[in-house]
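Shown next, in structure tokens, is the structure this report addresses.
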Amino acid sequence: MVGQPASSSPNNFASLRISIVEDNAIIALDLSGQMEDLQHEIVGIATTADKAISIAEAMQPDLAIVDLQLADGSRGQDAAIYLRTELGIPSILLSGSLHLLTDDEHLSIEPLAMLPKPMQPHELENAIRSYAKSP
Amino acid sequence: MFQQQNMSDLAEQTTLAAMFDANPIAQVLLARDLTIVAANYQYCQITGKNRCELIGRNAFEVFKANPDDPDADNELAQRRSVNRVLETGETNDMGIVQHDIQNADGVYSVRYWRLITSPIFSAPERQDAPTHALVSVEDVTKTVLGDRVSEAKSRAAIKDADTTYFEYDPAAVRFDRTPQLDAMFGYHEGEDDESSQMFLERIHPEDISAVRDEFERAARTAGSSIHQDYRVIWPDGSVRWLAGRGESIRDPVTQTVRIVGVLLDVTGVKKDASKLREALAMQKLLLAEVNHRVKNSLQMVSSILRMEASSTLDQAAKDALSAANARVHAIATIHGALYEDDDVSSVQIDTYLERMRSHLEASLSSDQRSISLEVSSEPIRIETDKAIALSLAVNELVTNSFKHAAFESGKGTVKVLLTREPDGMIALSVSDDGIESSNQVLASSQSSGLGQTLIKGMALQLGGEVEEINNNGWTTRILFPE
């Protein structure tokens, strides 16, 4: 299904399989809802870096939406690095503390977008739209 | 012959008296009971008395002891000295004594004297029986008080052993040992370590080369100043911070260059500074933590409103919830702009407006209408409270323009302009090129809405006024003080 245009979507872009890495349940639910409204499929929600990696390995999503500061003190950037370097899965980073990301981490993750919290819904939509459109 | 003899005696006495007066050393001749028999010119000069006040009177009646200072009375010591000299026939060096003397107003001044009592024999053949005592007097007040000042200075300099004087010999690569310097480097009193490196050995390995370099630099040119802070490690492992300040000088005797100066133990100061740094770092960490929570909470509020809007089927309720969410965003985005630099009391509003632009354009456009939003702002920082009010006002004004302005071709432009105005004012204007008539009709219907109320409220909070201009479109302008 990946990369195929979802002709039924009013947004007129591809349906993607997305995993969410976010330890705040409300925000995670909202992100899921936003993605589903845009006809994307949520393959899993992880609240820790370890969980994020195991979901990614099992489900092979097209991309991940990753918060930086996670439950149990783990770091979203660690999961994002693994996803990018080991599994080839890109991430959109979403955090109230984007400044915590180091230059080295940024280089390893090559994030599709870095969105500050609180985020405008269209910022996430735009980021995903431009990824889906990219060759 | 007899006459000749008398004449000769007279001449001799006159000569002796003249010599007595010419003597640059002050002298006074005392009888056994301390009655002044004679005093020379110099003695009168340094005591401020004339001979009439002195001759035939007891020395300590003339020079009454200072009643306020029991240490300033030389009478007993002088009496003992005279008695001893008269008994033994030998000169007695009394050393330095204090005996204050009164000036003409009766006020005592502190005076120190170096006194030597010598025997005087009235009959040359009786060398075993002196009859008078000649006291040679030197006023050493200035020297003694000067020494005391120096001693006080030295004491002050080594008080509590956290400051000391030092001398460093660059040729020998070593400090001169003093008890104070020993203490500062953690050597025990009397600890015997004559290794030439003894002090340098205790300088922290990370600091030693800088210390050596600084000494070498100062040693190359006599007269250079030296300024070095370094750590020493005591045998118990504790680390002390020392601050050395001094200069290099040429030794007057050996002609070699030495470095002299003072050394301060500044460990306490350094510890305080490091505690302050830690406290500041902790403060920053807490601020970042609070900031993170605030942003997360605002994101949650926004998320709840969006989910609520998404799940409701009633279009009016959907629109109301979306409008509420947009207002929350207007506030939340300012928080997002905060903490991007160290200043949390104000916001770089132009940066923020650019971010708001893309969001508003995306959220307000629809398939039916393509309206572009242009933002132009001078670089302006404004207080956070004002930024939030401004943000809400921009949200309402732009939303109104998008929703209500009728654009002929379904295309149009909304412009947000933020400029500095004279007299410390800032102007926010939002204008659209919508059709005039439609705007007028809609303007009246807008005024009853919450949006219009919010615009007025925010203008009030900014301390400004709202002005509406109808000119080839619609412009709303809020002028407020910076």
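Read-outs: derived from the displayed coordinates by stated rules, not from any lab. A quick note: this is a predicted structure, and the numbers were derived from the prediction, not measured. Here the Cβ is made from the backbone with ideal geometry for all residues, glycine too, and neighbour counts use every protein chain on show.
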Next on the checklist: 5 Å is the cut-off here: which amide hydrogens, built 1.01 Å from N in the peptide plane, fall below it relative to B:MET94, excluding neighbours closer than 5 in sequence?
Outcome noted: B:LEU115, B:ILE116, B:THR117
Item to check | Taking all pairs of distinct alpha-carbon atoms in the stretch B:1-106, Kirkwood radius in angstrom | outcome: 15.7
Checklist outcome for this item: Env charge @ A:ALA71, Cβ radius under 15 Å, K,R +1 / D,E -1, value -3
Item to check | Helix-only CD estimate at 222 nm, as mean residue ellipticity for chain B, using -39500 (n - 2.57) per DSSP H run (n ≥ 4) | outcome: -14500 deg cm²/dmol
Checklist outcome for this item: At the level of C-alpha centres, the distance separating the stretch B:349-399 and the stretch A:81-126, in angstrom, is 24
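Per residue of A:33-46, how many C-beta atoms from partner chains lie within 10 Å of its own C-beta, taken as a mean?
So the per-residue partner count for this stretch is 1.
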Checklist outcome for this item: Neighbours of A:ILE26 by Cβ distance under 13 Å: Lys/Arg at +1, Asp/Glu at -1, summed charge -3
Checklist entry - For chain B, what's the relative contact order in percent, using C-alpha pairs closer than 8 Å and at least 6 residues apart? => result 7
Checklist entry - Counting partner chain Cβ atoms within 10 Å of every residue's Cβ in A:110-118, what's the average? => result 4
Checklist entry - Straight-line reach from A:LYS117: which aspartates and glutamates have a Cα under 17 Å away, not including same-chain ones fewer than 8 places off? => result A:GLU22, A:ASP23, A:ASP30, A:ASP67, A:GLU125, B:GLU289, B:GLU340, B:ASP341, B:GLU354
Next on the checklist: I'd like the antiparallel share, as a percent to the nearest 5, of DSSP beta bridges with both residues in the protein assembly as shown.
Outcome noted: 75
Checklist outcome for this item: Counting sequence-distant residues (5 or more places) and residues on other chains, those with an amide H built under 5 Å from that of A:ALA113 are A:LEU93
Next on the checklist: If the reach is capped at under 17 angstrom between alpha carbons, list the aspartates and glutamates near B:LYS142, excluding any in the same chain fewer than eight residues apart.
Outcome noted: B:ASP100, B:GLU151
Checklist outcome for this item: Taking every residue of A:62-69, the Cβ atoms of other protein chains inside 10 Å of its Cβ average out to 1
Next on the checklist: Please report the antiparallel percentage of the DSSP beta bridges confined to chain A, to the nearest 5.
Outcome noted: 5
Next on the checklist: Run the simple label-point estimate for B:ALA171 and A:THR85 please: 7 Å along Cα→C-beta, distance reported in nm.
Outcome noted: 6.1
